[in-house]
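Since every read-out is calculated from the coordinates, none of them should be taken as a lab result. In this text, all values refer to a predicted model and were calculated from it rather than measured experimentally. As a convention, Cβ positions derive from the backbone with ideal geometry for all residues, glycine included, and neighbour counts pool all protein chains shown.
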Amino acid sequence: MKDKIRIFQFNGTSILIEFDSEINESLLQFILRLKENIVRGNSEHILQVNTAYNSLLVIYKSTINNFYTLKNQLLQLISQVDLKQKPDLAVRKIPVCYEEDFGWDLQLLSEELELSKSEIIRRHTKPVYTVYFIGFLPGFPYLGDLDKRLYHRRKSQPRTQISAGSVGIADKQTGIYPSDSPGGWQIIGRSPVTLFDPNQKKQMCYLKAGDKIQFEAISREEFESFQTRSKEHKFLI
């Protein structure tokens, strides 16, 4: 990684690593491999490692008293990142109902983007998206590679509540609300998939950074069928 790297103490128990690089798939893979190196080499001292578009936050179990020693260790781990390992390219299909009851802002986007609703749906379901990181809410995936014709600003006045499963667009991103929450994204549909389940101790979040997903348009009837089977524990995605 030849880009400029900044490493500094973020607070009493954490160190932030920032990469001065354009956000892209190559940087994401480097960050994910680095996270693996850090966790594998320091598991007894590290509480958590959080990734974002161009940074990692390393959270230690105790107060940092030797920052420069830890910084040198991190630099060493950065130099050892091996990008020859191929990432998992399996694509998960995420069903989404884009009908009016769920696509609250679909008409607005249709008018402002000068695209038909069906064309917005076609462009939204065509790409294979990369999960760049999980943030904002537990299980909320920030997805890259949105069609440029669908770029749209956030709402100037956020809603006080958005339903779990709502699929939205904000600037160059698309994402899915894992739980009921306030939010300012433009809502174009809803998915019946449960993205965050605190009762699943081994894997509370359905998605993780580096995963590949593709949206799949479904009808209202199919949406309700997905929900029914999920409640009966007969449907697992």
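Can you tell me which residues in segment 9-57 are of a type in the set (D, E, K, R) and in contact with a strand residue (DSSP E or B) (Cβ under 7 Å, 6 or more places away or on another chain)? Listed by number, the residues that qualify are E18, D20, E25, K35. If I filter segment 34-41 for residues that are crowded, with 17+ Cβ neighbours inside 10 Å and among the basic types (K, R), do I get at least one hit? Within segment 34-41, one or more residues are crowded, with 17+ Cβ neighbours inside 10 Å and among the basic types (K, R). Checking each residue in segment 11-23 for being within 14 Å of S55 (Cβ to Cβ) and exposed (fewer than 15 other Cβ atoms within 10 Å of the Cβ) picks out D20, E22, I23.
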